[in-house]
Amino acid sequence: MSEDRATTADETEALPEPGSVEVVEPDDAAELVEEIADETVADGSPEGTAGPILIVLDIDGTVLLEDESPSPGVVDAVKDAAAAGNEVMLATGRSWDGTRGILRVLGIAPEYVVCSNGAVVLKRVDADDLAYERVHTETFDATTVLTLLREHLPDAHYLVELPGGERLYTEYLDDWNLLAAHRVSFEELTAQPVCRVVVVSPEHEEGDFLSLVERIGLNQVSYAIGWTAWLDIAPQGVDKGTALELVRGWLGLPADRVLVMGDGRNDVGMFEWALRNGGRAIAMAQGPDEVRAVAGEVTTSVQEGGVAAILGALGR
């Protein structure tokens, strides 16, 4: 209750002496409990103590700057949010090999991690060693889409991620973390089902690339286009939001106790998922117009510490 609420004379008479016990009828007891509950709601207490929040963060452009250094204040803000009892996790387009180190930078070991834009979900096995195992993987036959793309983008760089995490690529690219990846011929990319396809065409501007992809028509897959001429392809109907719904169910958290943050087109799915269920979806200020339009809120840019600003306000 609010400390400045005055106690009426009638209430004083109704209260037992300190240290004494007064037996009341069941109906009276129920009425008293209901009154206390109503007063608690009026004071706003439940909203502050409604249980943990599932906080989901994108990596690039959200918690990391372009040079892969942390956004200002994000490390401390994430640690504080986790210490307060919230489940802070990552949902990224990166493969697990490119994600594990970010967990170490942030100082967290969430129960689940979503990788490859929702096609892969990993579960924690050992928090100290940051050991995780794949518990859910979506795959598709990429033959048709790769063949179609190559007809229009013969000079592009292609990469696929296999269900077990192995990555195969056709041409080296500085922007790719190719640790433990294998260079193969284009034909070998389609030899088995994959969970993710990445296509980069350095000679294209972002706008030209967007127009080209729209003209080609990728109707049998889910895809998102990055800041540059970067195309991320996942199985049809799969995105960060579909994976996060699995995670939320496994954690047993209410659908409205969700907060997601991101900056790119591959975050739209999880924005829509969070808002549809009464949660919060927050875009970074530097994100594309269409991404910010989908989000329920917009914070400051990654350069200005947008994640830290939101997480820091949770406890106030």
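The values are calculated or read from the model by the stated rules, or taken from the named source; none is laboratory data. Owing to the predicted nature of the structure, the values given are computational and were not obtained by experimental measurement. Heads up, the Cβs are rebuilt from the backbone with ideal geometry, glycines too, and the neighbour counts pull from every protein chain shown.
Quick check on this structure: which one of R150, R124 is part of a strand (DSSP E or B) and at pLDDT 90 or above?
After ruling out the rest, the residue left standing is R124.
Tally the residues that are crowded, with 24+ Cβ neighbours inside 10 Å and over 20 Å from G73 (Cα atoms), restricting the search to region 283-301.
Counting residues in region 283-301 that are crowded, with 24+ Cβ neighbours inside 10 Å and over 20 Å from G73 (Cα atoms) gives 1.
Listed here are the residues, each with its yes/no results for (1) without any contact (Cβ under 8 Å) to a residue 60 or more places away in the chain; (2) of a type in the set (A, V, I, L, M); (3) crowded, with 17+ Cβ neighbours inside 10 Å; (4) in contact with a His (Cβ under 9 Å, 6 or more places away or on another chain).
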{"site": "S71", "(1), (2), (3), (4)": "no, no, yes, no"}
{"site": "S95", "(1), (2), (3), (4)": "no, no, yes, no"}
{"site": "T99", "(1), (2), (3), (4)": "yes, no, yes, no"}
{"site": "V113", "(1), (2), (3), (4)": "yes, yes, yes, no"}
{"site": "S116", "(1), (2), (3), (4)": "no, no, yes, no"}
{"site": "V121", "(1), (2), (3), (4)": "no, yes, yes, yes"}
{"site": "D129", "(1), (2), (3), (4)": "yes, no, no, no"}
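Go through the residues of region 168-186 one by one and say whether even a single one is assigned to a helix (DSSP H, G or I), in contact (Cβ under 8 Å) with a residue 24 or more places away in the chain, more than 29 Å from A109 (Cβ to Cβ) and not assigned by TED's automatic domain parsing to the domain that holds A243.
Taking every residue of region 168-186 in turn, at least one turns out to be assigned to a helix (DSSP H, G or I), in contact (Cβ under 8 Å) with a residue 24 or more places away in the chain, more than 29 Å from A109 (Cβ to Cβ) and not assigned by TED's automatic domain parsing to the domain that holds A243.
Kindly list, by first and then second residue, each pair from a residue in region 131-149 that is under 20 Å from D232 (Cα atoms) and in the same structural domain as W96 (by TED's automatic domain parsing) to a residue that is part of a strand (DSSP E or B) and polar (S, T, N, Q), limited to pairs with Cβ atoms under 9 Å and residues at least 6 apart or on different chains.
Taking only residues 6 or more apart or on different chains, not a single pair turns up.
For residues that are part of a loop (DSSP other than H, G, I, E, B) and free of Cβ contacts under 8 Å to residues at least 24 places away in the same chain, scanning just region 246-257, find the one that is farthest from A281 (Cα to Cα).
In this case the residue turns out to be G252.
Starting from residues that are under 23 Å from the mean Cα position of the chain (by Cα) and surrounded by fewer than 13 Cβ atoms within 10 Å (Cβ to Cβ), keep the ones in region 132-176 and report whichever is nearest to V194 (Cα to Cα).
Once the filter is applied, the top-ranked residue is G164.
Looking at region 130-138, is at least one residue assigned to a strand (DSSP E or B), closer than 16 Å to S222 by Cα and in contact with a Ser or Thr (Cβ under 9 Å, 6 or more places away or on another chain)?
Checking region 130-138: at least one residue is assigned to a strand (DSSP E or B), closer than 16 Å to S222 by Cα and in contact with a Ser or Thr (Cβ under 9 Å, 6 or more places away or on another chain).
Out of (1) surrounded by fewer than 23 Cβ atoms within 10 Å (Cβ to Cβ); (2) in contact with an Asp or Glu (Cβ under 7 Å, 6 or more places away or on another chain), the odd one out for K79 is which?
(2)
Which of the residues that make up region 191-225 are assigned to a loop (DSSP other than H, G, I, E, B), among the hydroxyl-bearing types (S, T, Y) and at pLDDT below 75?
none
Restricting to region 258-287, name every residue that is out of contact with any strand residue (DSSP E or B) (no Cβ under 6 Å at 6 or more places or on another chain), touching a residue at least 40 places away in the same chain (Cβ under 8 Å) and outside any helix (DSSP H, G or I).
Across region 258-287, the qualifying residues are G262, D263, G264, M284, Q286, G287.
Run down E188, E272 and say which single residue is more than 24 Å from the chain's Cα centre (by Cα) and among the charged types (D, E, K, R).
It is E188.
Filter region 302-316 down to the residues that are part of a loop (DSSP other than H, G, I, E, B) and touching a residue at least 12 places away in the same chain (Cβ under 8 Å), then identify the one that is surrounded by the fewest Cβ atoms within 10 Å (Cβ to Cβ).
Here the residue is G315.
Could you say whether any residue in region 226-245 is within 17 Å of the chain's Cα centre (by Cα), outside any helix (DSSP H, G or I) and farther than 28 Å from R134 by Cβ?
No, because not a single residue in region 226-245 is within 17 Å of the chain's Cα centre (by Cα), outside any helix (DSSP H, G or I) and farther than 28 Å from R134 by Cβ.
Which residue, of R280, R248, is surrounded by 15 or more Cβ atoms within 10 Å (Cβ to Cβ) and in contact with a helix residue (DSSP H, G or I) (Cβ under 8 Å, 6 or more places away or on another chain)?
Going through R280, R248 in turn, the sole match is R280.
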